[in-house]
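Enquirer: Sharing a structure below in structure tokens format, with a few things to ask.
The values are calculated or read from the model by the stated rules, or taken from the named source; none is laboratory data. Just so it is clear, the model here is predicted, and its values are computed rather than measured. When we count neighbours, we look across all protein chains shown, and the Cβ atoms used for this are built from the backbone with ideal geometry, even at glycine.
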Ligand code: F3S
């Protein structure tokens, strides 16, 4: 792989040990994927922030890098395993909290923004069409590639951090136009009326298309929240990092190559919803996977107005969107009901299973997928029903 003189210098350790380590990671990755060279990135989103996933080995790795490493481009963080300020109210044990705060401190010393959200594009990390970026959060990767038209592979925690410390990433995969063409046509023969419908379609498609690139036909319109839900679901049941929607997403007019064809019907929509429902009565309700937009918070505030929640109800969003919600007056209505904002974290990366909950109601197909893998039972339902479930007396 070709390296510039500056990159050779980084690899030789001329710019410190952390930069050298980062360059070693990128060069190894570039060799595996046959990248011709490295390319500059305009932003980075680092996943692998929750201590639940990192453990002590991950914390040690970060502390080593933080000795002399510094982010060279705008770099934001995925959610942590708890709210950084209100973790006690969430029931988090102090041993876990202490480790999680050490992880955050290492990232802070590395110069990353402590944004702790999986929707960085709603919180100040907004790439433009055609820009190369290195993002690690799978739902945000699918959103950035497909809806924004930025270019990123699905980075792991170490490779995203390496991109942050060098400002570079290997030029392969979805950074190259020829790899962004669809592999499957998905004919949508069902009318989609909500984010949950888009999530169900994404969950179905991910299972069929696996890590290919679906090209949806027959979707007449889609708003930000629906595209966010679709991105997350595609990336959870499958490994999809990019999709196109005919007439809606910015690269959907590109040539459709040799593709397989699938149809998504009303029956598939219903069956996928049913597939994400287990037995049991929910004892925990959560929305905001991926993190809520301001529009979603406005809806929750309206639905909760004048009501009291009867069970634990987490509304997950970024600090930035929570701040906007405070200003708009939505937070008051939400908190007055007894619902809790879960900023900096979410129901999946927080150790919810250790908090004693067994059955989670949520409007996120992605959350259902991962919570079930963690041993919890799940109920997939629209946001209105989540609020009804949270406020119902059983
Ligand atoms: Fe975000 Fe957590 Fe879902 S990180 S996409 S809210 S699993």
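Enquirer: Which residue out of 81, 91 is surrounded by 23 or more Cβ atoms within 10 Å (Cβ to Cβ), farther than 19 Å from residue 154 by Cα and in contact with a helix residue (DSSP H, G or I) (Cβ under 8 Å, 6 or more places away or on another chain)?
Expert: Values: 91 fails: surrounded by 23 or more Cβ atoms within 10 Å (Cβ to Cβ).
The conditions single out 81.
Enquirer: Would you say residue 229 is in contact with a helix residue (DSSP H, G or I) (Cβ under 8 Å, 6 or more places away or on another chain) and within 16 Å of the ligand (Cβ to nearest atom)?
Expert: It is true that residue 229 is in contact with a helix residue (DSSP H, G or I) (Cβ under 8 Å, 6 or more places away or on another chain) and within 16 Å of the ligand (Cβ to nearest atom).
Enquirer: Yes or no: residue 350 within 16 Å of the ligand (Cβ to nearest atom) and surrounded by fewer than 17 Cβ atoms within 10 Å (Cβ to Cβ)?
Expert: Details: within 16 Å of the ligand (Cβ to nearest atom): yes; surrounded by fewer than 17 Cβ atoms within 10 Å (Cβ to Cβ): no.
Judged against the criteria, residue 350 is not a match.
Enquirer: Would you mind finding the one in 319, 302, 323 that is surrounded by fewer than 24 Cβ atoms within 10 Å (Cβ to Cβ) and without any contact (Cβ under 8 Å) to a residue 24 or more places away in the chain?
Expert: Only one candidate passes the filter, namely 323.
Enquirer: Quick check: is even one residue across the stretch 20-35 in a strand (DSSP E or B) and surrounded by fewer than 20 Cβ atoms within 10 Å (Cβ to Cβ)?
Expert: Taking the stretch 20-35 as the starting set, the residues that turn out to be in a strand (DSSP E or B) are none.
No - not one qualifying residue is present in the stretch 20-35.
Enquirer: Go through the stretch 361-386 and give me each residue that's out of contact with any helix residue (DSSP H, G or I) (no Cβ under 6 Å at 6 or more places or on another chain), within 12 Å of the ligand (Cβ to nearest atom) and not in a loop (DSSP other than H, G, I, E, B).
Expert: Matches in the stretch 361-386: 362, 367, 368, 370, 371, 373.
Enquirer: Sort out which residues of the stretch 87-101 are in a loop (DSSP other than H, G, I, E, B) and under 14 Å from residue 346 (Cβ atoms), and write them in order of number. Please lay out each step first, then the result.
Expert: Within the stretch 87-101, the subset in a loop (DSSP other than H, G, I, E, B) is 87-93.
Listed by number, the residues that qualify are 87, 90, 92.
Yes/no matrix, rows are residues, columns are (1) crowded, with 22+ Cβ neighbours inside 10 Å; (2) away from the ligand (no atom under 15 Å from the Cβ):
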residue	(1), (2)
117	yes, no
140	yes, no
171	no, yes
182	yes, yes
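Enquirer: Is it the case that residue 53 is surrounded by fewer than 17 Cβ atoms within 10 Å (Cβ to Cβ) and within 16 Å of the ligand (Cβ to nearest atom)? First the steps, then the outcome.
Expert: Working: surrounded by fewer than 17 Cβ atoms within 10 Å (Cβ to Cβ): yes; within 16 Å of the ligand (Cβ to nearest atom): yes.
Yes: the conditions hold for residue 53.
Enquirer: Can you pull out the residues in the stretch 124-138 that are in a loop (DSSP other than H, G, I, E, B) and within 12 Å of the ligand (Cβ to nearest atom)? Walk me through how you get there before you give the answer.
Expert: In the first step, residues of the stretch 124-138 are kept if they are in a loop (DSSP other than H, G, I, E, B); the result is 124-131, 133, 136-137.
Those that are in a loop (DSSP other than H, G, I, E, B) and within 12 Å of the ligand (Cβ to nearest atom): 136, 137.
Enquirer: Hey, another quick one. In the stretch 147-166, is there at least one residue being touching a strand residue (DSSP E or B) at 6+ places or on another chain (Cβ under 6 Å), within 16 Å of the ligand (Cβ to nearest atom) and over 30 Å from residue 13 (Cβ atoms)?
Expert: Residues of the stretch 147-166 touching a strand residue (DSSP E or B) at 6+ places or on another chain (Cβ under 6 Å): 151-152, 155, 160-161, 163-164.
When the remaining residues are screened for being within 16 Å of the ligand (Cβ to nearest atom), the result is 152, 155, 160.
So of that shortlist, the ones also over 30 Å from residue 13 (Cβ atoms) come out as none.
Within the stretch 147-166, not a single residue is touching a strand residue (DSSP E or B) at 6+ places or on another chain (Cβ under 6 Å), within 16 Å of the ligand (Cβ to nearest atom) and over 30 Å from residue 13 (Cβ atoms).
Enquirer: Quick one: residue 219 ticks every box in (1) part of a helix (DSSP H, G or I); (2) without any contact (Cβ under 8 Å) to a residue 40 or more places away in the chain except a single one, so which number is it?
Expert: Of (1) part of a helix (DSSP H, G or I); (2) without any contact (Cβ under 8 Å) to a residue 40 or more places away in the chain, only one is false for residue 219: (1).
Enquirer: Applying the selection to the stretch 167-199, what residues are in a loop (DSSP other than H, G, I, E, B) and either more than 27 Å from residue 381 (Cβ to Cβ) or in contact with a strand residue (DSSP E or B) (Cβ under 8 Å, 6 or more places away or on another chain) (or both)?
Expert: Step one: of the stretch 167-199, the residues in a loop (DSSP other than H, G, I, E, B) are 167, 171-172, 176, 180-183, 190-194.
167, 171, 172, 176, 180, 181, 182, 183, 190, listed by residue number.
Enquirer: Still on this structure, please answer the following. What helices (runs of 4 or more DSSP H), lying completely within the stretch 240-338, carry at least 2 residues that are at pLDDT 95 or above and within 16 Å of the ligand (Cβ to nearest atom)?
Expert: Numbers: elements: 266-275, 294-304, 319-328, 330-336.
So the answer is 294-304, 319-328.
Enquirer: Within the stretch 214-240, how many residues turn out to be under 18 Å from residue 150 (Cβ atoms) and surrounded by 24 or more Cβ atoms within 10 Å (Cβ to Cβ)?
Expert: Total meeting the criteria: 7.
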